[in-house]
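Working notes for the structure below.
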Amino acid sequence: MRVALAGRPQEALDVALPAAELPEHLRWRLRSWQADAQEALGQSAEATLLYAEAAHLAAGLNRAVMLQEQAALLLQQGDFEEARQVLERARTLYTGPRPGTDPNDEGLNLATWHYLMAQVRLNLGQPEAAQDDIREAARLEGLSGDPSYGVALVQGQVLSHLGQLEEALEAFGQALARATDPDRPYANHELGVALLDLDRPLEAREKLEEVLLVPDYPFHPEVLADIAECDYRLGRLPEAQLAAEQALNQGAVVPASVVLGNVALDYYHLDDALDHYERVVREAVHGSRDWVLGHQMAADVMAQQGFPDPAAAYAHAQQALEHTPESDDWYVTLQDHLSRAQALMGSAGGRTLN
């Protein structure tokens, strides 16, 4: 399997090695190498199955590591609950250093376990638990003297989700300092978004422009949408509209539509703004920040139009209210929109037609 390690994954897979003829302690390694090769070829589903088989064949800490590799791919695929279950199985295999083994090995692998679980819990809507895990990952890495880019990046994501934006910015800065060249655009993108959340659009734009210079960065459409948001906040409406349209055409539908709705609203093109916000509602994840914002803005635009469709305005305001805390400035506005729409629906229902 040296060809797999030498960066020739397809040749590695073409080597026929029947697992049944290998010594037992090598069978799991074969499946692990095959999984590595499949992953290098972008065949994540096949790699996931091979890591699962490798875990079944391995024992002790090796089994835990294979389960964690499987969980990492499940995370990439969006199977967060299954990833959680796989990680829970891996956790039972950590029983303390074994005779003849390096204690640092178990510590670093356990740090990886907490790093992966933090991501799972964040995606399952458990940011406080995710924060506990990523702190433990950082602590274990610190004991080994090997702090990683990935842990700092996830630490920033968790802090950002919890609204601790200055701390998130510091964590993303640490991630950038530790990043190798392939990782730098990811760290810069996170830094740009964090600066945007702190309402520092000029600095954010500088970071995001650096990311656009990396031709193979896979999230260029999202970066364009973020740059459009920067331009919008800087009052550059034509530039914001152009960047958002490019982002929309390239697939960043939700963030681009938010900016396009905001620009249209500033130009008082209410029908266009409503179309964009309703697209946000259709495409965003139910209950997400963008989904709530889409409902809020759609209800507000309909109010500015004079409630031409009070039932639709009522529905938007009601959905937004269910996810808007009473301390939010939007809460009173949405209640007013809801009451006015309800009154108009009642008066329309009571009319006598001639």
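The values are calculated or read from the model by the stated rules, or taken from the named source; none is laboratory data. As the structure is a prediction and not an experimental result, all values here were calculated from the model. With ideal geometry, Cβ positions are generated from the backbone for all residues, glycine too; neighbour counts draw on all protein chains shown. Just so you know, the surface numbers come from the protein's heavy atoms only, side chains and all, with ligands and any DNA or RNA stripped out. Shrake-Rupley method; radii C 1.70, N 1.55, O 1.52, S 1.80 Å.
Bin by bin, in steps of 10 Å, what percent of the Cα pairs in the chain do you find, going until the bin that has the longest distance? Binned Cα distances yield the sequence 5, 18, 26, 22, 15, 9, 4, 1, 0, 0.
Over the range 53-208, the reciprocal of the mean inverse Cα-Cα separation, the Kirkwood hydrodynamic radius, stands at 16.3 Å. Angle of helix 24-40 to the longest C-alpha principal axis of the chain, folded into 0 to 90 degrees and rounded to 10: 40°. If you run the Gaussian network model on the chain, springs between alpha carbon atoms under 10 Å, then out of PRO127, PRO238, PRO147 the most flexible one is PRO238. Each 5 Å bin from zero up to the one holding the largest Cα-Cα distance in the range 289-344 carries the following percent of pairs: 4, 25, 37, 22, 10, 2.
Rolling a 1.4 angstrom probe over the protein heavy atoms with all chains in place gives the chain an accessible area of 51 Å² per residue.
Axis angle, to the nearest 10 degrees, between helix 44-57 and the longest C-alpha principal axis of the chain: 40 degrees.
Using a ≥ b ≥ c from the Cα gyration tensor of the range 244-284 (square roots of the eigenvalues), is it rounded, prolate or oblate, where a/c under 1.5 gives rounded and otherwise the larger of a/b and b/c decides, a/b for prolate? Verdict is oblate for the range 244-284. Report summary: the helix-based calculation at 222 nm, which adds -39500 (n - 2.57) for every DSSP H run with n ≥ 4 and divides by the residues of the chain, gives -24500 deg cm²/dmol.
For the chain, the relative contact order comes to 6 percent (Cα pairs under 8 Å, sequence separation of at least 6). Compute the acute angle (0 to 90°) between the alpha-carbon long axis of helix 329-349 and the principal axis of greatest extent of the alpha-carbon atoms of the chain; round to the nearest 10°. Taking Cα atoms only, the helix is inclined about 50 degrees. Packing, taken as the mean count of other beta carbons within 10 Å per residue, orders the peptides 73-79, 323-329 from highest to lowest as 73-79, 323-329. Accessible surface of the chain, 1.4 Å probe: 49 percent of it comes from carbon and sulfur atoms.
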